[in-house]
Every structure is written in C-alpha cells, then in structure tokens.
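Notes follow once the structure below has been shown.
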Amino acid sequence: MTTNLIDQFNRTINYIRISVTDRCDFRCIYCMAEKMTFLPRDEVLTLEEICRLANIFSTMGVTKVRITGGEPLVRKNIDSLFQNLSKNKNIKELTLTTNGSQLIHKAAMLKESGVKRINISLDSLNPTTFKKMTRTGNLNDVMNGINHALDVGFEKIKLNIVLMRDINDSEIFDLTNYAIDHGLDISFIEEMPLGLTDYERKITSISNDEVIKNLNTRFSLEKINYKTGGPAKYWSIQNTQTKIGLISPHSHNFCGDCNRVRISCKGELYLCLGQETKIELMPLLRLFPNDDGPIKEAITNSMKIKPQSHEFDLNKKNPAVVRFMSHTGG
C-alpha cells in the first residue's frame, strides 16, 4: 500500500533524485572548483542504504528515481544498485544523469537493468572548448559513450547543455544539429548559482529566452505539451524527432509544479535544490537498520518544510547556495 507525499503547497512528490557520490572524473567550471575535497567513505551512503531509501520512497508514492552524482558511474560496484532497483515494481521509471565518460563500459549494463532514460551532459563539440569547460574531460570518451548507448538500444537519450556566454554559446546550432542527426533530444539549462566557482555567473549566464530566440532563426519550432517528470518545457523541431527542452530557473520559475526532492550522497534529504532546507536521513538509516517506520515518519514530516520556491539572483555577489551541484546531485 502506498501513501502519497503531499507538501504544504499541495504539490504531490512522486520523483526523487539520488546522488550516489560527490566524486566526478570531470571538474566542470559551472559545477565544481578546480581543486575539490571529497567526502570520506564513511560519510557517504552505502549502496545498500541508497537502495533502501529508494524502496522506502517507492512505498510513499514515488514512481520515478533518477541516479545522479558527481558522476554516478565512477561509484564502485554501481552495477549492483541499478540491478537491485530494477527489481522494485513500484519504480516505473529508473533514469540516470551522467557526463557520458563511462558509458562505453556501462551502457549495456544500464540497458539490461531497465534504465529508461539517460541524460548526458555535453557542453561542447569542440575538443578545446570541451577541455576548458570540463578541465579534465576527454570529448572522445563522451562521444564514444553516446554512440555505444545508441548501439545497445537506448531510445531515450537527452543531451544537457549549459551555455556560457563567450565560452560555448557559439555552438548552439552545432549542438542542436548533432542532436537532430543522432535522433536525440536536447535541453538547454540556465546556469544556476550553486557553489563558489571561478566564473562570475552574471557575466557568463544566458537566458533561455535568448536561446529560444536564436534557435528560432534557424529551426522551425513548435511548443508542445510534453513531460518527462522534470522542469523542462519542450519544443518540437519540424521534420525531426528531436525535442528541445528549456530548463529556466531564472527566467521562468518552475517551482509551482515541483514534484521532486533530492537526496545527497550523505543522506541529506534536500527539499529544494536552491535552498538549504533539509533533513538528515543517514542517522535514522543506521539507528534503525530493521525498521523503516522512523524514516517514513521523517520523510512525511519533511513535506511540512518544503520551500515554495528557490531564490536565484545573479546580481548577488555570493551564490544562492554555497554547496556545489556535485554534492546535491543534478
């Protein structure tokens, strides 16, 4: 028997995003500092605890689970998590966000484990720009990973793009054409003020209003009523199977339809990506290893403190939230 999670603003929560690690093999300039200090192993949820949490949420009305990081596919023994989650019949959609670097090794396993959708970060098709934006990434690894995911039969692949002014914004048409040529969807995500980075976001940030205006000069777009459970608003491109998604936390606040919460790799249940409101689940998991009741009670009570919206303001000197995206999960 399931009991739906409903927050204080009468929003039903049916989607959780779980970060399995704060570690990543990239150091993307909008996401992380160049020199990062990562959490020690004993401060990170075990894979068994992550699976337990997902199973608990699935008895409370959650039907979609997205595995995130850091880079989730660098987590040791990650295969076992996907294989175990795939056995839960209450989870109707198991998805992944990745930088694509490990897909050449993991795509077949993900497909066999019932993963329905993969979101892949791809901010540039130019090796030099890609290296600048990821600091440590190899573009060939990602491209080979995308090709391999297509080869093993993934039909729902979406590229996630963060456009940064005077860095990769000149590639907007090349990236879109790449998506069209490979039958992929593509989303443009406004840069979010999370974590202290080396770039001044007020200068590099690009509004999705500008993005859609530019795309309309080259493509025939039509707004469509298409949903994947996340915050993106979608357009179709005439005479293609590609859909363009816009995730616009600055220009078009999407909090009124929020249906999700996030669990960090430390077991922190964040009620909003852009707020520090959270409850600690790891202590309860370890204090009550054989009793889900206290964890369920804490999750239910957390709905009373879920914020109405985030408060992103690029004019402020300091970011809205000091923690990095890699800590909370994408």
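None of the figures in this text is laboratory data; all of them are computed from the coordinates on show. This structure is a prediction, so every number in the text was calculated from the model and none was measured. Cβ coordinates were reconstructed from backbone atoms using ideal geometry, including for glycine residues, and neighbour counts include every protein chain displayed.
Take the Cβ-Cβ distance between Asp257 and Ile203 as r, set R0 to 35 Å, and report the resulting FRET efficiency rounded to the nearest 0.05. Provide the component values of the computation, followed by the final result.
Details: r = 30 Å, r/R0 = 0.86.
With a Förster radius of 35 Å, E is 0.70.
Highest first, please rank the peptides 98-108, 145-155 by the mean number of other Cβ atoms sitting within 10 Å of their residues. Walk me through the numbers on the way to the answer.
Numbers: 98-108: 22.4, 145-155: 16.4.
In decreasing order of mean packing, 98-108, 145-155 become 98-108, 145-155.
Which ³J(HN,Hα) values, rounded to whole Hz and listed in residue order, are derived for segment 43-54 from phi using the Karplus coefficients 6.51, -1.76 and 1.60 in 6.51 cos²θ - 1.76 cosθ + 1.60 with θ = phi - 60°, glycine and proline given as x?
Coupling constants for segment 43-54: 9, 10, 4, 6, 5, 5, 5, 4, 4, 4, 4, 4 Hz.
Please express the shape of the chain as an equivalent ellipsoid: the semi-axes are the square roots of 5 times the eigenvalues of the C-alpha gyration tensor, given largest first in whole angstrom.
On the way: eigenvalues 179, 97, 84 Å².
Output for the chain: semi-axes of 30, 22, 20 Å.
Hey, could you grab the Kirkwood Rh for segment 56-168? Inverse mean 1/r over distinct alpha carbon pairs, Å, one decimal. Display every interim value, and only then the final one.
Details: mean 1/r = 0.0673 Å⁻¹.
It is 14.9 Å.
In sequence order, what are the phi-derived ³J(HN,Hα) couplings for segment 231-241 according to the Karplus relation 6.51 cos²θ - 1.76 cosθ + 1.60 with θ = phi - 60°, rounded to whole Hz, with x for glycine and proline?
Couplings: x, 5, 9, 10, 10, 8, 9, 3, 6, 9, 9 Hz.
Would you work out which of Cys258, Ser248, Asn168 lies farthest towards the positive end of the dipole of the chain? Charges go on Cβ: Lys and Arg +1, Asp and Glu -1.
In the chain, that residue is Cys258.
Would you look at the GNM of the chain, springs on alpha carbons closer than 10 Å, and say which of Ile263, Ile167, Ile67 moves the most?
Ile167
Taking amide H positions as placed 1.01 Å from N in the peptide plane, with prolines and chain starts having none, which residues 5 or more places from Met60, or on another chain, fall under 5 Å of its amide H?
Correct list: Thr3.
Would you order Thr59, Thr21 from fewest to most other beta-carbon atoms within 10 Å of each residue's own beta-carbon?
Fewest-to-most ranking of Thr59, Thr21: Thr59, Thr21.
If you count, for each residue, the other Cβ atoms within 10 Å and average over each peptide, how do 42-54, 296-308 line up from highest to lowest?
Numbers: 42-54: 18.1, 296-308: 15.6.
Highest mean packing first, the order is 42-54, 296-308.
I need to check one value: relative contact order of segment 5-328, counting alpha carbon pairs closer than 8 Å and at least 6 residues apart, in percent.
22
If you take the beta carbon distance between Leu287 and Leu125 as r and set R0 to 45 Å, what does 1/(1 + (r/R0)^6) give as a FRET efficiency, to the nearest 0.05?
Working: r = 49 Å, r/R0 = 1.09.
According to the calculation, E is roughly 0.35.
Which whole-Hz ³J(HN,Hα) couplings does segment 124-129 yield from phi under the Karplus relation 6.51 cos²θ - 1.76 cosθ + 1.60, θ = phi - 60°, glycine and proline marked x?
7, 9, 9, x, 5, 5
Report the gain in length on full extension from Lys156 to Glu34: 0.36 nm times residue separation, minus Cα-Cα distance, nm rounded to one decimal. List each step's numbers first, then the result.
Working: separation 122, 0.36 × 122 = 43.92 nm, distance 3.18 nm.
Using 0.36 nm per residue and subtracting the Cα-Cα distance, I get 40.7 nm.
Between Thr300, Ile29, Ile118, whose Cα lies farthest towards the positive end of the dipole of the chain when Lys and Arg beta carbons carry +1 and Asp and Glu beta carbons carry -1, centred on the Cα centre?
Thr300
Can you give the angle from 0 to 90° between the axis of helix 103-112 and the longest principal axis of the chain, with both taken from C-alpha atoms, to the nearest 10?
Approximately 50 degrees, to the nearest 10.
Between Ser80 and Glu93, what length in nm is gained on full extension when 0.36 nm per residue of separation is reduced by their alpha carbon distance?
Values: separation 13, 0.36 × 13 = 4.68 nm, distance 1.72 nm.
Taking 0.36 nm per residue and subtracting the Cα distance, the gain is 3.0 nm.
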